[in-house]
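Read the structure below first, then the notes.
Just so it is clear, none of the values below were taken in a lab; they were calculated from the coordinates. Everything numeric in this text was worked out from a predicted model, so none of it was measured. Quick reminder, even Gly has a Cβ in these numbers, built from the backbone with ideal geometry, and neighbours come from all protein chains shown.
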């Protein structure tokens, strides 16, 4: 007899069945114990049941043993680490970041990866649970977690992103059976290693996929795109799905040597003529119609997104957006600044510049980006209509150029424009989720203008300045940290609405200072 | 060098999570115009919303806190922040002689401790009238005995009407007998009623699990009926299980045993705003276990502060019991040292034999210290198992919160575990891995 049997026998109560729960236990010590207890009291049936429970409860509790667990069912142990552990102080900073300042984690990881040290094992689960970091830092995360981190991640499905990023061999099953997002991840990873194999894998199954999958998977070719991909992409221009055709056209436009790019270039060549008199002028004819070949190449007649352009100008804009920028710089031999100067009073400036902006961002053309940004007439309005921002162009500049540009602009700008410029800084210096470091000069320039504004009553309630405070804390080079803490505190009268933010500012800078000190290479 | 508390140790002192958050907001040296320390204490000034900064001071020996802020929480965020700053950025503190306010406070604390000791000595020296005491005890026994008779009837009714009726019972069905037991000065018995109610509510195979609690309760009821036939140790266990505990003074009167004790782990559970802290100790040489039990209401801090992962030289006075575990700290000596190892069983079966032996001595124990060596952790169908070198496995308790941390620390290799045995699983409270001792959080609300 066990507790479970006893419980079952008295589910309905002794009222209903008198003999319930009164069997004699088979075990000798148990029945002996029962006998001793039962002799002493004049027992009611209920008491007999309770006495049995009183003997069985400790008997079963004390008798609970371990289970058999064959040794071979144990997972393999982690290999010994090859990198040293980070210092206790660096680990203490990491714990604080996990507790309260997750935004600073990528910086910690980057420093640790550069220093070649790893995260203490006990912090790994919390770090990995933070999820896949955006952009580049996955490599850094992989390095910082060491072998232990990869070993651990392999045992938890939620952390498989790490193992997938680190594996030498990709798991073919994901490609065969995974969900679309997983298959896309697989293809991206393969593309990063063997671009050829990735394209072939896609080509093999392309005919059997639905339109959404085709478009999504095709978009992975953007990674490591080369002329080898051109024939396949060109064939996709005849795909049933408009979505797929659009992706293919976009990829081909990004390949200056592609047939599509050449066709675009020829079309532009027929419409655009250079006149060199005293100054360079450009004559442009609008495309008259959108023929079938143009539509096949992704040019669209749809009205949405036109943003005030006439029909012909809209076609011109799309054409220029899809034409390699070498058309202007190599074929017409125009320096970017000359080109923009020549467009200044042009009737179709809006269409051409919008197209150029899109082509520039697609090709990541730093020179052209700088010329566009520095164009005297300004391109802000035109960008908005193309669903781009100035930051998209700024982040194309090499770091030194980028900082010089931002500094010059900050210095020149009248006070009332500064909050908007400051608000832009974070995004302008973040590329694909990776925060490119600020130079000291940029940090100083931003700090100077910010601190000055903060001292003027009319700016003290500007929410853009308030939120810039956290950007500044996270981005400022740590060499400026202590100067910054005193600088922003300078106003004699405290600003009550800003006290909390100023406090956070000092805490974040202090944490970053400690982090840089502890993880200095 | 002044004693520095680690971040973990400081956080463990916080009355609640909100205090930790608030303290972290103060970890900005700019907020602290003054930060000073010496061997015995640390003190500082923290800018608050008012004109005057708050004066914060901490006696590092315990630690004990004092702050001029009006907060009712204890320790307040300023005290926690000051101690955290000392842990994180010790360089920011200037070595300085104690200002009068700190020196006076330390001195008054010292005097208070001495006075308390004197009072205790005076009390124990006062002759107790044995006749009056016997009368008082007889009265209480009578009250308990009457209460347990009542309870016996309630139990019999329960069985007569059947377990199946339990899920349909209203709150009063459970509350009334529990309240009567508390009135009859047997609150320990009321605990089994609460536990039965919880088990019914939790569902699953509740009839069997409720039968077990009813059995435990009835065993206690029968043991009390036989009180005079038991050994003094057994009598003490029955009294404790019923909630009739000895005065601390009486326990402290007994001779204390002095030994460096390993602090194996700490667990906390909360029931109706009463928090219970269990700190498990193990004699460094003897391997003798001890439990330091401590209670705190709401947000009050616990009085006993021992950091898991250290070895502290303690004088302990044990409560009488057939399985002596619970003890009081009579005195502590010297500074805590880092713990590098502990005694334990290599085989789960050996450890479970020890549990069985302890339960044979005192069947009402529901948590026992368990130290295991060379164990591995394995995930099996949503639960975790501790596996020994002999191919045996024991399930980890379902409310163990940090299995992944334990797995990470182990790296899949055997390591030493300290924790609590409970009837429904092993609760790991600490381990010793390559990076030294690691404590695991165990805070439960019942």
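Taking region A:1-128 on its own, what percent of its Cα-Cα pair distances exceed 23 Å?
Above the 23 Å cut-off, region A:1-128 has 60 percent of its Cα pairs.
Compute the distance from the alpha-carbon center of region B:94-171 to that of region B:264-331, in whole Å.
The two parts, judged by their Cα centres, are 16 Å apart.
At 0.36 nm per residue, and after removing the present C-alpha to C-alpha distance, how many nm does the segment from residue A:441 to residue A:82 gain when stretched out fully?
125.4 nm
Could you tell me how far the Cα centroid of region A:185-210 sits from the Cα centroid of region B:205-255, in Å?
Between the Cα centre of region B:205-255 and that of region A:185-210, the gap is 71 Å.
How long are the three semi-axes of the equivalent ellipsoid for region A:319-418, computed from the Cα gyration tensor as the root of 5 times each eigenvalue, in whole Å, largest first?
22, 15, 13
So if I take the alpha carbon set of the protein assembly as shown, get Rg, then get Rh from the Kirkwood formula, what is the Rg over Rh ratio?
Result for the protein assembly as shown is an Rg/Rh of 1.09.
Taking the alpha-carbon set of region B:250-345, what are its Rg and Dmax in Å?
13.5, 39
Please list the equivalent ellipsoid semi-axes of region B:220-297, computed as the square roots of five times the alpha-carbon gyration tensor eigenvalues, in descending order and whole angstrom.
25, 20, 12
So if we plug the beta-carbon distance of residue A:411 and residue B:255 into 1/(1 + (r/R0)^6) with R0 = 60 Å, what FRET efficiency do we get, rounded to 0.05?
Working from the Cβ atoms, E equals 0.15.
Mind giving me the nanometre distance, one decimal, between the label points for residue B:120 and residue A:43, set 7 Å out from Cα along Cα→Cβ?
4.8 nm
Using the Kirkwood radius over Cα pairs, work out the Stokes-Einstein diffusion coefficient for region A:239-288 at 10 °C and 1.306 mPa s, in µm²/s as a whole number.
D, rounded to a whole number, is 123 µm²/s.
Arranged from highest to lowest average of other beta-carbon atoms within 10 Å per residue, in what order do the peptides B:17-27, B:38-48 appear?
B:38-48, B:17-27
Residues of region B:262-306 with the amide nitrogen closer than 17 Å to a label point 7 Å from the Cα of residue B:113, along Cα-to-Cβ, please.
It comes to B:303-306, nothing else.
With n ≥ 4 as the cut-off for DSSP H runs, can you work out [θ] at 222 nm for chain B, using -39500 (n - 2.57) per run divided by the number of residues, rounded to the nearest 500?
-12500 deg cm²/dmol
Cα atoms only, region B:43-101: Rg and Dmax in Å?
Cα only, region B:43-101: 11.4, 31 Å (Rg, Dmax).
Just counting partner chain Cβ atoms within 10 Å, what average do the residues of peptide B:369-378 show around their Cβ?
Averaged over the peptide's residues, the number is 1.
Give the relative contact order (percent, whole number) for chain A; include only Cα pairs under 8 Å separated by 6+ residues.
10 percent
Output the relative contact order of region B:19-99, whole-number percent, from Cα pairs under 8 angstrom with separation of 6+ residues.
32 percent
Taking the Cα-to-Cβ direction at residue B:304 and at residue B:424 and moving 7 Å from each Cα, how far apart do the two end points lie in nm?
So the label points at residue B:304 and residue B:424 sit 2.5 nm apart.
Nearest 0.05, what FRET efficiency do residue B:231 and residue B:357 give at R0 = 22 Å with Cβ-Cβ as r?
0.85
Give me the extension gain from residue A:330 to residue A:24: residue separation times 0.36 nm, minus the current Cα-Cα distance, reported in nm with one decimal.
100.0 nm
Using alpha carbons only, what's the Rg to Rh ratio of region A:192-329 with Rh from Kirkwood?
That ratio equals 1.03.
As a test of understanding, state the convex hull volume per residue of chain A from its alpha carbons, in Å³.
Each residue corresponds to 291 Å³ of Cα convex hull volume.
At q = 0.10, 0.11, 0.15 Å⁻¹, what is the log10 ratio I(q)/I(0) for region B:125-251, with the Debye formula run over Cα points and no solvent?
Debye output, listed in q order: -0.37, -0.43, -0.73.
Using only Cα atoms, what Kirkwood radius does region A:63-166 have, in angstroms?
When all Cα pairs of region A:63-166 are included, the Kirkwood radius is 14.7 Å.
In 10 Å bins starting at zero, report the fraction of Cα pairs in region B:179-320 per bin as a rounded %.
Once binned at 10 Å, the Cα pair distances of region B:179-320 give 10, 29, 36, 22, 3.
At a temperature of 25 °C and a viscosity of 0.890 mPa s, determine how fast chain B diffuses translationally according to Stokes-Einstein, using the Kirkwood radius over alpha-carbon pairs as Rh; express D in µm²/s, rounded to the nearest whole number.
100 µm²/s
Would you mind computing the Rg to Rh ratio of region B:404-446 from its alpha-carbon coordinates, Kirkwood style for Rh?
Result: Rg/Rh = 1.00.
If you take the alpha carbon radius of gyration of region A:213-269 and divide it by 2.2 N^0.38 Å, what ratio comes out, to two decimals?
This ratio for region A:213-269 stands at 1.06.
Hey, what D do you get for region A:149-226 in µm²/s if you plug the Kirkwood alpha-carbon radius into Stokes-Einstein at 25 °C and 0.890 mPa s?
Once the numbers are plugged in, D ends up at 188 µm²/s.
Provide the gained length on full extension for the span residue A:311 to residue A:434, in nm with one decimal, where the gain is 0.36 nm per separating residue minus the Cα-Cα distance.
40.4 nm
Say each of residue A:213 and residue A:463 gets a label point 7 Å from the Cα, pointing the same way as Cα to Cβ; how far apart are those two points in nm?
About 4.5 nm separates the two model spin labels.
How big, in percent, is the set of alpha carbon pairs in region B:125-171 lying more than 16 Å apart?
61 percent
Quick one: compute the contact order of chain B, relative version, from alpha carbon pairs under 8 angstrom and 6+ residues apart, as a percent.
10 percent
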